[in-house]
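The values are calculated or read from the model by the stated rules, or taken from the named source; none is laboratory data. What you are looking at is a predicted structure, and each value in this text was computed from that prediction instead of being measured. Neighbour counts are summed over all protein chains in view; Cβ atoms, including those assigned to glycine, are modelled from backbone coordinates with ideal geometry.
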C-alpha cells in the first residue's frame, strides 16, 4: 500500500508543478462560471453593446461574444480617429499569440527533457555510452527550456487568475522544473509491480469518470467566458443584488 500512496503523492506534486507553469505562461483564455450567472452575463452584454436590444441577449452557446462587442466597439472608434491604432493592436495580439505558442512548446519540451533525463538516470541495464548520451540530451533539453521560460514574459493575468485572485509561487520556472525532475525520478524508481497496480486503479478511475463523473460534473452546464471578464461579471452580479 505504501508504494501506491507514494505514486499518488508524487503524481499530485508533478501535476501541481506543471499547472503552475501553465497558469504562469499560458493560462486558459476562457474559464467556467456557474450557469446561475447567465443573467449577469446577459446584462453585461446589453450594457457593453450599447445598442443591443433586450431580445438580443447573449446565448449560452457563445458566451464570449459580449467581450467581442466591447473590443469591436473600441476598435471602431479608434479607427475613425487613429487608423494606425488598429494595426498596432493587431500586432500586439499576434505577438501575444506567438508568445503563448512558444511557451506551450517550451513547457512540453521541458517535460520531455525531464522524462529522458530521469529515465536514463534510472536505467541500470544499459550501456554506459547510451546512458550518458541520453542523460546529456535530456539535460540540455531541460536547461534550454528553463532558460527560454526564464527569459520569457509571463502572462499578465497570472496575478488575477480565477475570481478569488491570483496565486503565489517563488522562483518560477526553476522551482517547478526541479519539482518535476525530482518527483519523476522517484516515480520511475518505484518498480513495475507498483505501476501495474497504479494502472489498474487509474483504469477504474477513468471508467468511473466516463460512466458517472462526466454526466454529473458541476461543469456540465457551466458557461465559459473570457478570463479577463470574470471579475466584471461577478461585480455586476453583486451590484445587482445590492
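This table checks each residue for (1) at pLDDT below 90; (2) on the phi < 0 side of the Ramachandran plot; (3) within 20 Å of the chain's Cα centre (by Cα); (4) crowded, with 16+ Cβ neighbours inside 10 Å.
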{"site": "124", "(1), (2), (3), (4)": "yes, yes, no, no"}
{"site": "143", "(1), (2), (3), (4)": "no, yes, no, no"}
{"site": "159", "(1), (2), (3), (4)": "yes, yes, yes, no"}
{"site": "177", "(1), (2), (3), (4)": "no, yes, yes, yes"}
{"site": "191", "(1), (2), (3), (4)": "yes, no, no, no"}
{"site": "197", "(1), (2), (3), (4)": "yes, yes, no, no"}
{"site": "200", "(1), (2), (3), (4)": "no, yes, no, no"}
{"site": "208", "(1), (2), (3), (4)": "no, yes, no, no"}
{"site": "217", "(1), (2), (3), (4)": "yes, yes, yes, no"}
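Selection of region 116-143 for residues being touching a helix residue (DSSP H, G or I) at 6+ places or on another chain (Cβ under 7 Å) and more than 17 Å from residue 190 (Cα to Cα) yields 131, 134, 135, 137, 138, 139, 141, 142.
Here the condition is being in a loop (DSSP other than H, G, I, E, B), modelled with pLDDT under 85, more than 30 Å from residue 172 (Cα to Cα) and under 29 Å from the mean Cα position of the chain (by Cα); of 58, 86, it holds for 58 alone.
Against the list (1) at pLDDT 95 or above; (2) closer than 30 Å to residue 232 by Cα, the condition residue 105 fails is (2). Among residues that are within 16 Å of the chain's Cα centre (by Cα) and under 20 Å from residue 183 (Cβ atoms), residue 111 is included.
Taking the stated definitions as given, is residue 147 modelled with pLDDT of 90 or more, assigned to a helix (DSSP H, G or I), more than 28 Å from residue 32 (Cβ to Cβ) and within 21 Å of the chain's Cα centre (by Cα)? Yes, satisfied. Taking the criterion of being touching a helix residue (DSSP H, G or I) at 6+ places or on another chain (Cβ under 6 Å), more than 30 Å from residue 191 (Cβ to Cβ) and at pLDDT below 80, the only residue of region 1-36 that qualifies is 31.
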